[in-house]
1. For n ≥ 4 DSSP H runs only, could you compute -39500 (n - 2.57) per run for the chain, divide by its residues and tell me the 222 nm figure to the nearest 500?
2. Rounded to the nearest whole Å³, what is the per residue volume of the convex hull around the Cα atoms of region 9-113?
3. Mind checking the full-extension length gain between residue 115 and residue 28? Use 0.36 nm per residue of separation minus the Cα-Cα distance, one decimal, nm.
4. So what is the relative contact order for the chain, in percent, with contacts set as C-alpha pairs under 8 Å and at least six apart?
5. Checking the cross-link filter: which lysines have an alpha carbon closer than 19 Å to that of residue 38, excluding same-chain neighbours under 8 positions apart?
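Each reported figure results from applying straightforward, stated rules to the coordinates on display, with no laboratory input. These numbers come from a predicted model, not from an experiment.
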Amino acid sequence: MGRRTIATFDDLRRLAVALPGAEELTYRGEPWFNVGRKTFALGQRDRTILKLERGHQDFLFEVRPDTFQKFTFGPNVWSYVVLEDLDEAELADLVREAWAMVVPKRISRPVLAQYNPLIPVNAGTQME
């Protein structure tokens, strides 16, 4: 069995900026990861926040409450994530999920399909 590598914010940074259109910005002294004007991940006072799919994050809040907690602002709910509880592979999946929440499906599908063959690359526009 391989050794588990604990995820770090530097891992998040590397994974996030490698995604198409993603860039790191600084807002009020904190790192934010955006595609255009849409944020998908950020650091805030030594915490990490990800924009995950609503059903998935609700599931994570329930089954892993020590690792995933609600971050609410206005009508939006994002996820506080304890990076030290993740390995790099799980963090990579979560960063791709967060990124996919802010880009058009025609952009995200080919990237996500590289990691999950069940995701259709050319599903047409009916799903957008």
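1. Calculated mean residue ellipticity at 222 nm is -9500 deg cm²/dmol.
2. Output value, Cα hull per residue: 109 Å³.
3. The residue 115-residue 28 span can extend by a further 27.9 nm.
4. 24 percent
5. Within reach: 51, 105.
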